[in-house]
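What follows is a set of notes on a single structure, which appears directly below.
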């Protein structure tokens, strides 16, 4: 990696009064010596400390660390519950419930779309495993591995797979013909994270979401948009209630209610797509217009084929 990057990391460790890890390479040590402030260290907090640690880890592993990752961004993705184990996160207790931040997938660099808050237990289980290894574990495990049970490995695999497809362009996603498997899995009534259809489902859904361009809208936002359309609002509530039943096992009730109102439409579409293709088609076509005409036609053709 660039020695200048290592020098800057060392400088910032010194400025914030943080001790360098014993494994620090020479460029980082040189920067640290140059950055020791004359009038005392700068004020720090856990987000700054984590930012420094992540930068050091990225440099040590020869990975890119995006300039978009800042202490402010880390604070913005903070959460009270681990998305993999469901446990309430603690801080500096030495327990495996302690708060941790790392890459979702070890296959990618340190970029905003590949960063997640999780428990130390989940992070240790993930370790240095590749995305393919995690997916393989999630489909073959019977019991526990590295202190995670089957459901927790499937949740981790879901996050890893989702991250993988977020890195693809719309053109790359479009080349993957996944609608046939999507409809086949839908008609069989199978859960996406319990069978081999999941990766194809993720591809199709991400392609659809990139066309929708509504990834930052929350359920509350959509609800407000529909205030003048009673029929569509009822449909939205019907579909959202279905999603709630599917997702509620991830978090305790009160925390889930708060989480669900803040969650973006990405998760909404991702899960609801697996329930009723006709209801979803009506909803999306009305609020995404012509952008969805081609994907919906493909879906209808596949559906007719499998219903014959």
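Any read-out appearing in this document is the output of simple, stated calculations on the displayed coordinates, not a laboratory observation. Treat the numbers as computed from the prediction; the structure is a model and nothing was measured. Neighbour counts are summed over all protein chains in view; Cβ atoms, including those assigned to glycine, are modelled from backbone coordinates with ideal geometry.
Considering only segment 64-89, state which residues are free of Cβ contacts under 8 Å to residues at least 40 places away in the same chain and assigned to a loop (DSSP other than H, G, I, E, B).
Matches in segment 64-89: 67, 70, 78, 79, 87, 89.
Checking the condition more than 30 Å from residue 30 (Cα to Cα) and surrounded by 20 or more Cβ atoms within 10 Å (Cβ to Cβ), which residue from 137, 74, 84 passes?
Details: 137 fails: surrounded by 20 or more Cβ atoms within 10 Å (Cβ to Cβ); 74 fails: more than 30 Å from residue 30 (Cα to Cα).
Testing whether each residue is more than 30 Å from residue 30 (Cα to Cα) and surrounded by 20 or more Cβ atoms within 10 Å (Cβ to Cβ) leaves just 84.
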